[in-house]
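Beneath this line is the structure, given in structure tokens, with notes to follow.
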Amino acid sequence: CICAGLPVAEAVFTELSAHCTIVRRVTEGQRCAAGTILAEIAGPGRAILTGERVALNFMQRLSGIATLTRRVVDAAKGHAVTILDTRKTTPGLRILEKYAVTVGGGENHRMGLYDRIMIKDNHRLVASLEGPGGIRRAVAACRTAHPDLEIEVEADTLEEVEEAAAAGVEYILLDNMSDDEMSVAVARVNGRSLLEASGGITLDRIPAIAATGVDFISVGALTHTVKNHDFTLLFEEV
């Protein structure tokens with residue numbers, strides 16, 4: 001696996017006792033074979049036993065995310081594409097889970113609704129109730145309300161891709177498109193906006209999607225369907 005979460009585990013034990021000391025035997029982000037000793041802890045037995053499961057749960061979850069992220073990043077090697085996470089995170093753990101994505105070699109998409117405007121399918125539907133040109137109107141309204149924020153439009157069709165590019169948005173999300181459709185979108189946009197592939201992304205599809213020329217691939221599975229790794233903590237007499 002890819003080890004992630006050592007600083008979190010350290011924080012657990014040192015919070016329980018100032019007399020706990022941790023020596024890392026691997027570095028954060030290191031690929032580790034089964035049986036690898038990740039760290040050694042010394043300190044009061046009560047504190048170590050109290051923090052054992054909390055620390056292991058954090059490390060198991062974060063290492064699972066980092067490991068899957070590394071597999072996706074490796075699958076896209078050779079192409080100028082960035083692997084992103086999404087906001088499909090475990091409630092209360094978003095910051096840590098997104099941290100684990102970066103340990104695995106990916107990058108973070110939006111942390112919340114506040115750091116980039118995303119005009120998604122439901123927003124487009126509401127905007128279309130006023131007639132044709134809904135994307136253009138939505139983009140204009142967002143520029144007026146939040147001139148300092150970048151805008152991304154989710155597009156289901158090539159027609160919506162063209163309307164979003166013409167509106168001058170910084171990013172266009174190609175939602176659940178085929179590889180052929182994404183290749184066409186890359187050619188039509190021709191650098192006017194950065195393109196993000198999303199929806200239905202599997203590890204097997206990564207090389208072909210990366211080859212279409214998109215700038216980003218966002219993968220919700222990095223955090224919402226990841227498998228935790230199994231770690232254990234064992235006492236030894238010294």
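Tabulated results
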{"quantity": "Scan of the stretch 123-180 for residues that are among the β-branched types (Val, Ile, Thr) and either touching a strand residue (DSSP E or B) at 6+ places or on another chain (Cβ under 8 Å) or part of a helix (DSSP H, G or I) (or both), ordered by number", "calculated": "Val126, Ile135, Val139, Thr144, Ile151, Val153, Val161, Val169, Ile172"}
{"quantity": "Out of Glu40, Glu52, sole residue that is within 15 Å of Phe235 (Cα to Cα), modelled with pLDDT of 95 or more and surrounded by 17 or more Cβ atoms within 10 Å (Cβ to Cβ)", "calculated": "Glu52"}
{"quantity": "Qualifying residue in the stretch 96-113 (condition: open to solvent by less than 50 Å² (accessible area, probe 1.4 Å) and of a type in the set (Lys, Arg))", "calculated": "yes"}
{"quantity": "Given (1) of a type in the set (A, V, I, L, M); (2) out of contact with any helix residue (DSSP H, G or I) (no Cβ under 8 Å at 6 or more places or on another chain); (3) at pLDDT below 95, index of the condition Leu194 fails", "calculated": "(3)"}
{"quantity": "Test for Thr27: is it hydroxyl-bearing (Ser, Thr, Tyr) and within 24 Å of the chain's Cα centre (by Cα)", "calculated": "yes"}
{"quantity": "Pair list, Cβ under 9 Å, 6 or more apart: the stretch 6-30 residue touching a residue at least 60 places away in the same chain (Cβ under 8 Å), other residue of a type in the set (Gly, Ala, Ser)", "calculated": "Val8/Ala55; Glu28/Ala4; Glu28/Gly5; Glu28/Ala66; Gly29/Ala4; Gly29/Ala66; Gly29/Gly104; Gly29/Gly105"}
{"quantity": "Of all residues making up the stretch 63-104, the number that are in a loop (DSSP other than H, G, I, E, B), more than 21 Å from Leu173 (Cα to Cα) and in contact (Cβ under 8 Å) with a residue 12 or more places away in the chain", "calculated": "4"}
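The values are calculated or read from the model by the stated rules, or taken from the named source; none is laboratory data. Keep in mind that this is a model prediction, so the values were computed, not measured. No Cβ is skipped: glycine too gets one built from the backbone with ideal geometry, and neighbour counts run over all protein chains shown. Accessible surface is based on the protein model in full, side chains and every heavy atom, while ligands, DNA and RNA are left aside. Shrake-Rupley method; radii C 1.70, N 1.55, O 1.52, S 1.80 Å.
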